[in-house]
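The next block holds one structure in the form of C-alpha cells; read it before the comments.
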Amino acid sequence: MRAAQNGEPAYTRGLKPRHIKLISLGGVIGVGLFLGSGRAIAKNGPGLLAAYALAGCAIYFIMRALGELIMHRPVSGAFASHANEFVGRWAGYVTGWSYWFVWVTMGMAEITAIALFVRYWYPDVPQWLPALITLGLLYAANRLTVRIFGEFEFWFAIIKIVTILALIAIGIAALVFGLGPLKQQAQLANLWSDGGFFPQGVLGFAITLQLVMFAFQGIEIIGVTSGEAADPRRTLPRAVNSVIWRILFFYIGSLAVIMTLIPWTEFAPDQSPFVEVFARSGIPSATTIVYLVVISSAASSCNSGLFSTGRMLHALAQNGQAPAAFGRLSAKHVPATAITFSASIMLIGVLLNYLVPGRVFIWITSISTIGGIWTWGMIMWTHLRWRQAVADGHVQAVAFRMPGAPYMNWAVLAFLGLVSLFLALDEDTRVALYVLPFWALALWLGYNATRAVPPMSDPIAPANSPS
C-alpha cells in the first residue's frame, strides 16, 4: 500500500502483470463486437472491415500517446490528470467528468445487452429486471479490493478470447478443410459477391464508423489502472504496443471469418452475428454457450465501468473538482462512495429499459460515443502540449514515444471530428447531438462552481497553461 499523506487509506498496487495484460486484452473485446457488430454488418456489409482498420489505426496512435503520458506519470486519474497538468484545470475537469459520463452510459448499454440476452431463455421476464440484478451484483464486487476486480476481469477476458478463437477455428475448418455444416456457404467470395465490398456506399461506411468507435471504447482503461498497477512502467508499454495486433486479430479477423462463413445479407441488425455462426455450426447447445459468453462480456464491460468511474471521481475530488466525499477511500482501499454514486446513476439505464426497451441500446451507445471522442481527442491534444513542454525543458522526455507526432496528432483529431459529424447522418445516432448541448452546459456550470475550490492534495502545476 502506498502511504497516504493524511494517514487515510491509499490505493494499493494490487493489479499484477497478468491482470494488466488481460484487462488490456479484454478491454478491447466487448458488447460492441459481440452485439453491435450485427447492426454494423447490416449497415455496411464487408466494408465494415475497412471501417475497423481505419478506426483501429486512429486508436493505435491514441494509445501510444496515452502510453507516453503514462510513462511520465502513472496515476489513476490518467488522462484527466495529464490534461490538468499540460492543458489547464478546465481540461482536466471536462475530461474527467466526460470520461465518467462515457462509462456511466456504457454501463447502461452493457446491462441493456445482458437484459436482451437473458430474455432468450425467459422471454416473459421484464427487460429491466435482469439489468437491475446485474448492476447490483457488479456494484457489490467493486466494493471489494482492486485485486478482486483484477481477477474478475482476468477470467472474463479469458472467456471472450476463447470464444473468438473457437469461431476462427470453425471458419478455418469450413473454409480450408470443408468441414462442418457451414461448408456449403463458406467462401471468400462472400466478401464481395453481394453488392461489392462496399455495398452501402460511402454513406453506409460513414454511419458505421460511429458503431466501430463505440466498439473500441474501453481500450483506454489501462491508463486508469496505472495508479494501481504493479510496475506500471514495465507492464503498460507492452500492453499498449499490442493494441494494433489485438485489433487486427480479434476484430478484423473474427468479423472477416463471420462474413466469409455466412453472406452478410443474412445477418439481422438486432442479432449477434457470433450467435448466428455458432447456431449454424452444428455444435450442441452452441447458441446457449454464445449467449452466456456475450452476457459475460457485457458484465465485464460494466464491471470496468464501475471501476473507471470510481477512480475518475476520486481523482476529480482530489483536485477539488468533485464532492470531497468522492476523494476518500474505504478500508479496502477503494473509492466506495464514488462507486456508489456511479452505480446509482446507472440505474437510469434500468429505467430506460422499462420505458423504451426497443431503442435504448442504440441511443445509449451513440451518446457514449460523443464522450469517448472527447476523451480520445483530449489525449491527443494533451500529448501535443506534453511534447511542447518537453521541448521547452519543463519536463523530461520518456523512452516510450508515440511515432509520427505531431502530424499524427492532427490527423487523428481530424478523424475524430469527422466521426462526430457522421452521427448526424443516422436518425438513431442523432440523439447524441441533441444531448451534447445539455452536457456542455452542465460542464460549464460545474466548472465555474468548483474553480475556486482548493484541491484535497497538493496539485501538480500545469505546464504553460492557465488555471
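Rounded to the nearest 500, what is the 222 nm mean residue ellipticity of the chain from helices alone, with -39500 (n - 2.57) per DSSP H run of 4+ residues and division by all residues?
Numbers: 19 runs with 307 residues, N = 467.
Roughly -22000 deg cm²/dmol at 222 nm, from the helical runs in the chain.
Computed from label points 7 Å out along Cα-Cβ, the spacing between L165 and L129 is 3.7 nm.
Ignoring ligands, DNA and RNA, what accessible area per residue does the chain give at 1.4 Å, in Å²?
Values: 17820 Å² over 467 residues.
Heavy-atom SASA per residue in the chain reads 38 Å².
Taking a ≥ b ≥ c as the square roots of the eigenvalues of the Cα gyration tensor of the stretch 156-212, is the shape rounded (a/c under 1.5), prolate (a/b larger than b/c) or oblate? Oblate shape, in that a/c is at least 1.5 and b/c is the bigger or equal ratio. Net length available on complete extension from Q396 to A50 is 120.7 nm, with 0.36 nm assigned per residue and the Cα-Cα distance removed.
Computed in the context of the full set of protein chains, the accessible area of the chain at 1.4 Å probe radius has 67% of its extent on carbon or sulfur.
Per-residue HN-Hα couplings for the stretch 202-219, Karplus 6.51 cos²θ - 1.76 cosθ + 1.60 at θ = phi - 60°, whole Hz, x for Gly and Pro? Result, ordered by residue: 5, 4, x, 5, 5, 4, 5, 4, 5, 5, 5, 5, 4, 4, 7, 4, x, 5 Hz.
Can you bin the stretch 380-458 into rounded, prolate or oblate? Criterion: square roots of the alpha carbon gyration tensor eigenvalues sorted a ≥ b ≥ c, rounded for a/c under 1.5, prolate for a/b above b/c, oblate for the rest. Taking the square roots of the gyration eigenvalues as a ≥ b ≥ c, the stretch 380-458 is oblate. The angle separating the long axis of helix 336-355 from the principal Cα axis of greatest extent in the chain is about 40 degrees. Annotation for F177 and D194: the two label points, set 7 Å from Cα along the Cα-Cβ direction, are 2.7 nm apart. Applying D = kT/(6 pi eta Rh) to the stretch 268-392, where Rh is the Kirkwood radius over alpha-carbon pairs, T corresponds to 4 °C and eta to 1.567 mPa s, the Stokes-Einstein value obtained is 72 µm²/s. By the rule of a C-alpha distance below 24 Å, with chain neighbours fewer than 8 residues away ignored, the lysines paired with K16 are K160, K332.
Rounded to the nearest whole Hz, the Karplus-based 3J(HN,Hα) values (6.51 cos²θ - 1.76 cosθ + 1.60, θ = phi - 60°) of the stretch 52-69 follow the sequence 5, 5, 5, 5, x, 4, 4, 5, 4, 5, 4, 5, 5, 5, 4, x, 5, 5, with x at glycine and proline.
Annotation: extensible slack from I345 through R233 equals 36.9 nm (criterion: 0.36 nm per residue apart, minus Cα-Cα distance).
Can you put S368, S285, S344 in order of accessible area, largest first, using a 1.4 Å probe? The partial results should precede the final answer.
On the way: S368 0, S285 80, S344 55 Å².
Largest accessible area first, the residues go S285, S344, S368.
3J(HN,Hα) couplings calculated from phi for the stretch 406-412 with the Karplus curve 6.51 cos²θ - 1.76 cosθ + 1.60 (θ = phi - 60°) are, in sequence order, x, 5, 6, 4, 5, 5, 5 Hz; Gly and Pro show x. Taking label points 7 Å from Cα along the Cα-to-Cβ direction, A452 and I289 give a separation of 6.4 nm. Here the chain is treated with +1 on each Lys and Arg Cβ and -1 on each Asp and Glu Cβ, and its dipole about the Cα centre works out to around 980 debye.
The values are calculated or read from the model by the stated rules, or taken from the named source; none is laboratory data. Since the structure is predicted, the reported quantities are computational estimates derived from the model, not experimental observations. With ideal geometry, Cβ positions are generated from the backbone for all residues, glycine too; neighbour counts draw on all protein chains shown. Side chains included, ligands, DNA and RNA excluded: accessible areas come from the protein's heavy atoms. Shrake-Rupley method; radii C 1.70, N 1.55, O 1.52, S 1.80 Å.
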